[in-house]
Amino acid sequence: HGIKLQPSGGRASVAAFDEQSHVLKTQRGILSLAWFDTGGAMCTNNPSPLLLDQIRIEGVRSLQDFGALLQDPTWNAASVKRQEGITTDSFSGFADHNQFLNSIYV
């Protein structure tokens with residue numbers, strides 16, 4: 001995930017999401033491989049660089065567990081906090097192990 005926090009209260013809202021979703025992520029096999037606070041820019045074709053506040057690399061044990069997580073009422077309630085705390089410049093994506101390993105250092 002590439003996260004750009006809202007300037008006012010964004011960090012607190014995302015922290016509330018993290019707190020509310022922590023147990024559920026553990027139960028459903030969401031693995032937090034790395035969380036970075038960043039101070040740099042992402043290079044894109046856009047003349048303005050994308051400045052992110054955090055980069056998070058997370059994995060899932062199985063798509064079945066991930067699907068169950070997305071349907072859980074606790075996840076849905078917590079996700080509201082995450083959405084309140086980030087800007088539309090934030091993004092998430094999926095990759096299989098080959099794509100991830102081949103592109104992590106690019």
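The values are calculated or read from the model by the stated rules, or taken from the named source; none is laboratory data. None of these values were measured; they are calculated from a predicted model. Neighbour counts run over all protein chains shown; Cβ positions are idealised from the backbone, glycine included. Remember, those area values only see protein heavy atoms, side chains included, never the ligands or the DNA or RNA. Shrake-Rupley method; radii C 1.70, N 1.55, O 1.52, S 1.80 Å.
Quickly run through the stretch 1-30 and pick out the residues that are under 13 Å from the mean Cα position of the chain (by Cα), at pLDDT below 90 and within 15 Å of L70 (Cα to Cα). Matches in the stretch 1-30: I30 only. If I ask for residues that are surrounded by 11 or more Cβ atoms within 10 Å (Cβ to Cβ) and hydroxyl-bearing (S, T, Y), which ones from the stretch 54-78 would you list? Residue satisfying the conditions is T74 alone. Could you tell me whether T38 is in contact with a strand residue (DSSP E or B) (Cβ under 7 Å, 6 or more places away or on another chain) and of a type outside the set (A, V, I, L, M)? In short, yes.
Quick one: is Q99 modelled with pLDDT of 80 or more, over 17 Å from the mean Cα position of the chain (by Cα) and open to solvent by 60 Å² or more (accessible area, probe 1.4 Å)? Before the answer, list the steps.
Details: modelled with pLDDT of 80 or more: no; over 17 Å from the mean Cα position of the chain (by Cα): yes; open to solvent by 60 Å² or more (accessible area, probe 1.4 Å): yes.
Taking the combined requirement at face value, the residue does not satisfy it.
Output yes when any residue across the stretch 64-75 is modelled with pLDDT under 85, over 14 Å from I3 (Cβ atoms), out of contact with any Ser or Thr (no Cβ under 8 Å at 6 or more places or on another chain) and not in a helix (DSSP H, G or I), and no when none is. Among the residues of the stretch 64-75, not one is modelled with pLDDT under 85, over 14 Å from I3 (Cβ atoms), out of contact with any Ser or Thr (no Cβ under 8 Å at 6 or more places or on another chain) and not in a helix (DSSP H, G or I), which makes the answer no.
Restricting the search to the stretch 6-34, which residues are of a type in the set (A, V, I, L, M) and crowded, with 19+ Cβ neighbours inside 10 Å?
At the first step, the residues of the stretch 6-34 found to be of a type in the set (A, V, I, L, M) are 12, 14-16, 23-24, 30-31, 33-34.
Correct list: V14 only.
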